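The values are calculated or read from the model by the stated rules, or taken from the named source; none is laboratory data. In this text, all values refer to a predicted model and were calculated from it rather than measured experimentally. For the accessible areas, the whole protein counts, side chains as well, though only heavy atoms, and no ligand, DNA or RNA atoms are used. Shrake-Rupley method; radii C 1.70, N 1.55, O 1.52, S 1.80 Å.
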Amino acid sequence: MNNNDLFSKGTSKRNKPFIYMGVIVVCIVLVTLTITRQSQVVKQNIESEPTKDAQPVVENPISEIYLNIAQYEYFYRNWVIESKESATFNALSQGIRMYSLFDYLKQQGIELSSEKEQLQRKLIAEQLSYDLQDPQFKAYFDTMLAKLKIKEQDYIDHYLFIDKKYEILEREMFETGKGLTDDGSGFMSYPSGEQEEKFKNKVGISIDYLEYLVLQKPIRLQPMEPQPALMSGGHRFEFARGKNGELIFTTEEFPPMNFPDAQRDLLLELKYQHSLTDLSRYNYKQYQELLEQIAETNDQQSVIAKDILVLFDIAHDILEMDFGQPVTYHFDEIPTFDKNTLRKHKEITLKIYEHEYLFRTEGIPQQFYAYRMANEQMVEIYGLFNYLEQNFDVTLDEETVDALRVKANETLQQQMQNAYFKKYIEALLTKFDITIDTYIDDYLLVLAEYETLKEKMYEQHIGLDIKGRYNIGEVYASYRNAANFSWKELYSTMDTLNNAELIEALDPQPELPFDLPEYPLQVGINAKGDYVFIGVDTLEMWLTEQQLQFLKELVTNNSLPPLSRYSIQQYQDVLKQMDPNNTMRNQLIEILGIYSNSI
């Protein structure tokens with residue numbers, strides 16, 4: 001990894017699967033069972049052990065039959081064709097949303113009457129009987145019952161009725177107000193987030209297990225360059241190459257919104273003309289056959305149909321089309337690496353990464369976010385180290401490590417020819433009371449080792465499945481568990497850092513010595529008595545069009561680096577050297593002064 005470029009692209013570093021962590025993850029699933037399904041690759045040394053902060057496990061209030069059916073239905077009939085891991089995530093998320101509401105209302109004595117339950121079951125059974133007159137649905141339904149080893153009445157009682165019960169109770173709650181609470185602003189609402197947190201605690205689900213579950217979804221692969229030209233109208237799909245050189249999607253999904261307008265319009269036309277539901281695994285073959293018929297004609301739509309079929313063929317070849325068996329979960333167990341041979345990160349490595357991210361990232365991240373990024377990066381780096389070493393005995397030899405150290409040192413010395421960078425590094429060493437050798441060995445060398453090992457893993461296909469992926473959910477969770485580096489502690493620290501940065505806006509707002517944009521943000525005062533911008537984001541948000549244009553020209557004419565905590569002094573120095581009678585120069589100096597206080 002080039003240390004000079006490491007923090008120059010802001011949040012682009014987060015092009016990860018959670019990434020789309022990234023989400024991570026507000027709509028986290030609550031579950032009651034741990035995934036025992038085999039992972040994508042062999043992990044001989046990854047074992048499971050109870051989570052350290054797990055609550056006492058109670059009987060699962062969510063019907064296992066419901067969860068199994070929901071997984072199956074999401075896999076085959078969800079309007080976005082996704083991986084089985086995504087189907088599992090969505091099914092459990094839906095289950096938690098429903099059962100937490102049931103639990104919340106039951107505590108207040110609010111339930112469906114026996115008469116309403118009986119009526120709904122009768123109506124559901126009648127509707128299902130009607131739906132089963134469709135030969136395609138009946139074949140699908142009979143296969144589902146056989147695979148899940150359930151009966152038709154189970155499908156009614158444990159799935160269709162649960163959906164209907166949730167629909168009725170939620171509607172009646174909002175219509176009557178029964179069960180709603182004052183949200184503190186005078187509005188009556190259902191405290192869904194708070195209730196789901198209580199529900200998690202009630203059934204003993206840890207944050208670390210939830211994050212482990214979320215990261216089970218297949219990672220996004222690096223897109224190939226250049227991208228193949230497969231359709232005349234363009235599209236939003238991205239492609240990579242599989243182990244055998246075959247064309248594959250970078251993600252395990254086939255969303256209709258990725259098609260260009262003409263292709264989406266044709267799919268929509270087929271849907272209504274032939275009374276189909278949205279494209280899914282359930283009706284995939286129907287859509288394909290209809291498109292093949294259109295492709296054989298010579299009209300304008302034949303070209304569009306052929307374009308869609310190209311992607312249909314790729315999707316069919318690389319996406320799982322058979323559900324197999326429902327996943328079983330157990331939330332009180334998380335995999336772990338062997339603690340006796342664990343290569344664990346040093347505290348100084350974490351601190352330096354946090355400092356570097358905070359000071360050198362374009363976009364000026366806040367302290368709590370820089371801490372999170374450093375925390376997650378340690379897990380990514382050392383998770384990979386331990387995954388390769390403990391499972392495949394893959395490490396770097398001393399000669400390679402020595403060569404990386406020499407190169408890191410040479411690069412650093414070159415960078416320190418820049419007076420601003422030299423001053424920055426000297427301040428960093430003083431802050432952490434470390435030597436330049438420690439900075440190299442415990443930071444730069446770690447990054448270089450990681451990049452080298454990752455490159456070796458992908459080049460030699462070590463620990464990857466046929467699509468070039470490894471299960472980061474298991475790897476990351478195994479490292480966190482073995483290193484006692486929990487998500488719970490991470491979130492606690494982030495909350496503390498975030499709350500420490502809150503500053504109230506002044507009322508009324510002060511007169512400032514520079515022009516403001518049409519919709520200016522607010523100003524407050526920090527503990528030192530200096531003006532600060534509230535809700536600090538990129539500097540551009542505080543600039544008028546004229547100021548922004550002046551800043552762009554300043555950067556271009558003086559070859560300035562992207563604006564960051566590290567480089568802001570350089571911007572200020574350049575401005576001070578300009579004509580003091582330049583109005584725009586004076587305004588930028590004032591703005592950067594307040595901005596510097598804010599970051």
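With a 1.4 Å probe and all protein chains in place, put Glu389, Glu73 in order of accessible area, largest first.
Details: Glu389 70, Glu73 15 Å².
If we order Glu389, Glu73 from most to least accessible, we get Glu389, Glu73.
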Per residue accessible area of the range 407-504, 1.4 Å probe, in Å²: 49 Å²
Extension gain from Lys423 to Thr583, taking 0.36 nm per residue of separation minus the Cα-Cα distance: 54.6 nm
Reachable lysines from Lys116, criterion Cα separation under 18 angstrom, eight or more residues apart if same chain: Lys106, Lys164, Lys165, Lys178
Trp79 accessible area, 1.4 Å probe, all protein chains in place, Å² to nearest 10: 120 Å²
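Apply the a/c threshold of 1.5 to the C-alpha gyration tensor of the range 515-574 and tell me whether it is rounded, prolate or oblate.
Numbers: a/c = 2.50, a/b = 1.36, b/c = 1.85.
Because a/c hits 1.5 or more and a/b fails to exceed b/c, the range 515-574 counts as oblate.
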Reachable aspartates and glutamates, given that their alpha-carbon falls under 12 Å from the alpha-carbon of Lys147 and they are not under 8 places away in the same chain: Asp322
Carbon + sulfur, % of accessible area of the range 199-342 - ligands and nucleic acids excluded, 1.4 Å: 46 percent
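Taking only C-alpha pairs under 8 Å that are 6+ residues apart, what is the relative contact order of the range 319-440 in percent?
Details: 47 pairs, mean separation 25.1, N = 122.
For the range 319-440, the relative contact order is 21 percent.
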Gyration tensor (alpha-carbon) shape descriptor, the range 197-266, a/c threshold 1.5: oblate
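When a/c is below 1.5 the answer is rounded, else prolate if a/b is larger than b/c, else oblate, so apply that to the range 217-308 with a ≥ b ≥ c taken from the square roots of the Cα gyration tensor eigenvalues.
The shape class here is prolate.
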For the range 438-447, Karplus couplings with θ = phi - 60° (6.51, -1.76, 1.60), whole Hz, Gly/Pro x: 5, 4, 6, 5, 9, 9, 4, 5, 4, 4
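In square angstrom, what is the accessible area per residue of the range 181-282 with a 1.4 angstrom probe? Don't jump to the answer; show the numbers that get you there.
On the way: 5130 Å² over 102 residues.
Ligands and nucleic acids excluded, the figure is 50 Å² per residue.
Any idea of the accessible area per residue across the range 520-579, 1.4 Å probe, to the nearest Å²?
Values: 3250 Å² over 60 residues.
Solvent-accessible surface per residue comes out at 54 Å².
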